[in-house]
Amino acid sequence: MIKILFLLLFVSVKSNYFAQNFISGNYIAHYRATMVLGKNNLKNESFTFIFGNSSSYFASDINYQSENSGEFGFGSYFPERFIFSDEKYHVSGKYVETSISDEERVVYKWKIEGQKKFVNGVYCQLATTVKYGRKWNAYFAKEYPFQFGPAKFGGLPGLIFEILDSTGEYKFVLEDLKKQDISLKINLENYKKLTKSDYLKARNNSEFSIASFPGMPIQQTREFEKKLEKLREMNNNPLELKPLE
């Protein structure tokens, strides 16, 4: 009976880990990103990155600063957080009134190249891969033997200091890094967990569908649909061109 109760308690704690626990790390870093989100839509944004030996947290500075204020996802060009734990990436975001999340195991096939350079004073080596419909060039530092990088990038024998795709449409560069023990409370209790395919559909419908704005007067609907179409054109170049690849 005691064993059964212990197992039930373990399952309960495991299933609610990301609803009510902390992400802990020994380092905090900031990346500066240049992103071509769509037609005539070049944006720059800064991101906070917290990591340790086996877990990490990555989100825009705006979202990191509002993590527990209820305003997460608003005001950022990149309204998602990426948490790596249990060998999986847990992705979550708020879109209008929709709070959703999904989990994914990510495997990269990196090719270590001979090219090397300094990135913000740290000696880095080039690695290349093709993932999610883009070719990526990543500079990693063996001086920092962590498998992580921005967003869902990782799997190299060192921290990724710079990564960009071959078209130059997305680029992340680490600007500062310091050793610091830090714990961050993450509350995903009200996020609906979906498969990645359903997550992408829900995100698209929430951002670009008139259905996300019920009760709108009929006379305003056509004009609003035009605005949504323009918004879609300005955000039709996602980081993952082939997200289910």
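Comparison of Ser99, Ser55, Ser66 shows that the only residue that is touching a Phe, Trp or Tyr at 6+ places or on another chain (Cβ under 9 Å), in contact (Cβ under 8 Å) with a residue 60 or more places away in the chain and under 21 Å from Leu184 (Cβ atoms) is Ser99. Looking only at the range 57-82, residues that are under 13 Å from the mean Cα position of the chain (by Cα) and of a type in the set (D, E, K, R) come to 3 in all. Could you please find all residues in the range 116-166 being over 21 Å from Ser55 (Cβ atoms), touching a residue at least 40 places away in the same chain (Cβ under 8 Å) and open to solvent by 50 Å² or more (accessible area, probe 1.4 Å)? Asn120 - this is the single residue of the range 116-166 that is over 21 Å from Ser55 (Cβ atoms), touching a residue at least 40 places away in the same chain (Cβ under 8 Å) and open to solvent by 50 Å² or more (accessible area, probe 1.4 Å).
Restrict the check to the range 96-115 and report whether at least one residue is over 18 Å from Asp198 (Cβ atoms), touching an Asp or Glu at 6+ places or on another chain (Cβ under 7 Å) and open to solvent by 20 Å² or more (accessible area, probe 1.4 Å). No, the range 96-115 has no match at all. Taken as a whole, the structure leaves Glu225 outside the set of residues that are acidic (Asp, Glu), surrounded by fewer than 12 Cβ atoms within 10 Å (Cβ to Cβ) and out of contact with any strand residue (DSSP E or B) (no Cβ under 9 Å at 6 or more places or on another chain).
Pairing each residue of the range 218-245 that is under 19 Å from Arg134 (Cα atoms) and touching a residue at least 12 places away in the same chain (Cβ under 8 Å) with any residue that is open to solvent by less than 80 Å² (accessible area, probe 1.4 Å) and assigned to a helix (DSSP H, G or I), provided the two are 6+ apart or on different chains, yields C-beta distances under 7 Å for Pro243/Lys196; Pro243/Leu200; Leu244/Lys196; Leu244/Ser197.
Kindly indicate whether any position in the range 82-104 is on the phi > 0 side of the Ramachandran plot and of a type in the set (Gly, Ala, Ser). No, the conditions are met nowhere in the range 82-104.
Checking each residue in the range 153-168 for being within 25 Å of Gly38 (Cα to Cα) and out of contact with any Leu (no Cβ under 9 Å at 6 or more places or on another chain) picks out Phe153, Ile163, Leu164, Ser166, Thr167, Gly168. Would you be able to say whether some residue in the range 103-119 is within 11 Å of the chain's Cα centre (by Cα) and under 25 Å from Val130 (Cβ atoms)? No, because not a single residue in the range 103-119 is within 11 Å of the chain's Cα centre (by Cα) and under 25 Å from Val130 (Cβ atoms).
For the range 61-98, filtering for residues that are outside any strand (DSSP E or B) and of a type in the set (A, V, I, L, M) leaves 2.
Of the residues Leu184, Leu194, the single one that is in contact with a helix residue (DSSP H, G or I) (Cβ under 9 Å, 6 or more places away or on another chain), open to solvent by less than 40 Å² (accessible area, probe 1.4 Å) and modelled with pLDDT under 90 is Leu184.
Residues of the range 201-243 that are modelled with pLDDT of 95 or more and of a type in the set (A, V, I, L, M): Leu239, Leu241. A single entry from Phe78, Phe51, Phe18, Phe22 fulfils the requirement of being at pLDDT 90 or above and either farther than 21 Å from Ala202 by Cα or open to solvent by less than 80 Å² (accessible area, probe 1.4 Å) (or both): Phe51.
The values are calculated or read from the model by the stated rules, or taken from the named source; none is laboratory data. Computed from a prediction, not measured in an experiment: that's the story for all the values here. Note: ideal-geometry Cβ built from the backbone for every residue, glycine included; neighbour counts use all protein chains shown. Ligands, DNA and RNA are stripped out before the accessible areas are found, and what is left, the full protein with its side chains, is counted by its heavy atoms. Shrake-Rupley method; radii C 1.70, N 1.55, O 1.52, S 1.80 Å.
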